[in-house]
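Structure record follows, encoded as C-alpha cells.
The values are calculated or read from the model by the stated rules, or taken from the named source; none is laboratory data. This one's a predicted model, so the numbers in the text were calculated from it and none came from an experiment. Counting neighbours? That spans all protein chains shown, and the Cβs are built from the backbone with ideal geometry, glycine included. With ligands, DNA and RNA removed, areas are computed over all heavy atoms of the protein, side chains included. Shrake-Rupley method; radii C 1.70, N 1.55, O 1.52, S 1.80 Å.
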Amino acid sequence: MMKYRFVALLSFVLSLQTSWAQNTVESIRQRYTEAKTYASTHTGENVFDGADFGLYYHLEARQWLPGTGGHVEHTYLYYGEQECDDDVIYAPHYLRFATTRFNYAAREYYREFLYDEDGKVAFIYGYDPMTKLEGDEDDQQYEFRFYFSNGHLIRAVIKRKSYDEEEFRQVYAGATLKSAYQSDFDNLVSASSALHQLFIDIEKEAY
C-alpha cells in the first residue's frame, strides 16, 4: 500500500513538473511573440516610416577581418521601464529583448535573446548557416531554440537542413541537452550574458 502511494505521489509530482515546464514554455512563447511584434516596427530601417524611436538601443560595428573581409554587426537592445514613484523622472530600465545579426565572409548569422526582468535569459534563438556537428557528413544550417526557467534549461529544440533542402527538419527536442549541442549552447548562453552586460554598461553612460 505504501509503495503504491509512493508511486502515485511520484507520478503526480512528475506530471506537475511537466505541466510547469510546458506552461513556462507557453508563456515564453507569448512574450517572445509580443517582443517580435514590437521589434518589427522599431528598427533603424523603419524608424522614419511611421514608427517612433521606441525603447531600444541600436549599435552597429564594422571592421575588416583577415581571411573573411568586411564584418558588419547590427545589435538591437530593447528595454522596458521598471515601475517606480511618480516623482522619478527617468525610470530604471531592464533589458527585455535583444537581436544581433552579423556576418563572416558571405555567411550571415542571426540571434535573438529574451530576458526576464531580473536579467536572466528566458529564451535563445540562434541561426548558424554553416556548422558540422556529430553525425553530419557535410556542413549544415542549424536553428537552435533554448527555453529557460529561472536560468535553467527546460527545453531545447534543434532543427537543421542541408543547402539542398528548402525547410528545416527537427532533429532533437527535449528537456535535456545532448553533448553534440553543448558547445553551441554554451556559446549562445555566453552571448546572452555579454549582451546583457553591454546593456548595463550603456545604461551607466546614458542615465
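When segment 128-148 is examined, which residues are found to be modelled with pLDDT under 95, open to solvent by 40 Å² or more (accessible area, probe 1.4 Å) and either of a type in the set (Val, Ile, Thr) or at negative phi (or both)? Met130, Lys132, Glu134, Glu137, Asp138, Asp139 - these are the residues of segment 128-148 that are modelled with pLDDT under 95, open to solvent by 40 Å² or more (accessible area, probe 1.4 Å) and either of a type in the set (Val, Ile, Thr) or at negative phi (or both). Restricting attention to segment 182-207 and to residues that are in a helix (DSSP H, G or I) and over 27 Å from Val157 (Cβ atoms), the residue that is modelled with the lowest pLDDT turns out to be Ala206.
Examine segment 176-184 for a residue that is within 26 Å of Glu34 (Cα to Cα), among the aliphatic types (A, V, I, L, M), within 17 Å of the chain's Cα centre (by Cα) and open to solvent by less than 60 Å² (accessible area, probe 1.4 Å), and state whether such a residue exists. Looking through segment 176-184, none of the residues is within 26 Å of Glu34 (Cα to Cα), among the aliphatic types (A, V, I, L, M), within 17 Å of the chain's Cα centre (by Cα) and open to solvent by less than 60 Å² (accessible area, probe 1.4 Å).
If you go through segment 163-175 and keep only what is open to solvent by 30 Å² or more (accessible area, probe 1.4 Å) and in contact (Cβ under 8 Å) with a residue 12 or more places away in the chain, you end up with Tyr163, Phe168, Gln170, Val171, Tyr172, Ala173, Ala175.
A single member of Tyr125, Tyr142 is closer than 20 Å to Arg107 by Cα and within 13 Å of the chain's Cα centre (by Cα), and it is Tyr125.
Remark: pairs (first residue in segment 179-193, small (Gly, Ala, Ser); second residue surrounded by 11 or more Cβ atoms within 10 Å (Cβ to Cβ) and not in a helix (DSSP H, G or I); Cβ separation under 7 Å; 6+ apart in sequence or on different chains) = Ala180/Leu133; Ala191/Arg111; Ser192/Phe113; Ser192/Val121; Ser192/Ile124.
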